[in-house]
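Below is one structure; the comments refer to it alone.
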């Protein structure tokens with residue numbers, strides 16, 4: 001490769017290095033601007049998850065489905081099903097004859113700033129993981145995973 005090719009490669013490598021450094025700096029700056037586990041946000045999610053669990057145990061489908069973002073991008077992985085989109089989640093719930101017997105021994109809520117949260121709940125052989133995002137219409141679950149551990 002001629003001198004011109006080496007110069008171009010050096011230039012591109014330099015540009016990439018500057019771009020990567022700027023991206024890392026911007027990411028670090030963005031991460032320092034949010035509060036992990038803001039007590040008021042944790043309290044909001046605790047109240048919502050309690051309402052979610054109450055709706056789950058009573059098979060209140062309208063309330064339960066309302067917690068999920070009404071979008072084709074919403075995902076729920078269950079014990080025996082992979083559901084893509086809120087309409088698939090609604091159809092699955094409508095097909096169940098009775099509510100599940102869910103035990104919660106431990107619930108861990110983590111909030112990332114004011115608009116993103118995760119809920120990890122476990123008890124007995126049941127495990128639930130949810131990602132919540134605050135939208136203009138309120139908090140919604142955008143991804144959920146339900147699984148059972150072997151007894």
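The values are calculated or read from the model by the stated rules, or taken from the named source; none is laboratory data. Computed from a prediction, not measured in an experiment: that's the story for all the values here. Backbone-built Cβ (ideal geometry, glycine too); neighbour counts: all protein chains shown.
Filter the stretch 28-75 for residues that are assigned to a loop (DSSP other than H, G, I, E, B), surrounded by fewer than 11 Cβ atoms within 10 Å (Cβ to Cβ) and either in contact with a helix residue (DSSP H, G or I) (Cβ under 9 Å, 6 or more places away or on another chain) or at pLDDT 95 or above (or both) and give the result.
73
Out of curiosity, is residue 97 closer than 18 Å to residue 78 by Cα, at pLDDT 95 or above and in the same structural domain as residue 45 (by TED's automatic domain parsing)?
no
Out of the residues in the stretch 77-91 meeting the condition of being surrounded by fewer than 14 Cβ atoms within 10 Å (Cβ to Cβ) and modelled with pLDDT of 95 or more, tell me which one is farthest from residue 144 (Cα to Cα).
The selected residue is 91.
Which is surrounded by fewer than 13 Cβ atoms within 10 Å (Cβ to Cβ) and touching a strand residue (DSSP E or B) at 6+ places or on another chain (Cβ under 9 Å), of 142, 119, 103, 133?
103
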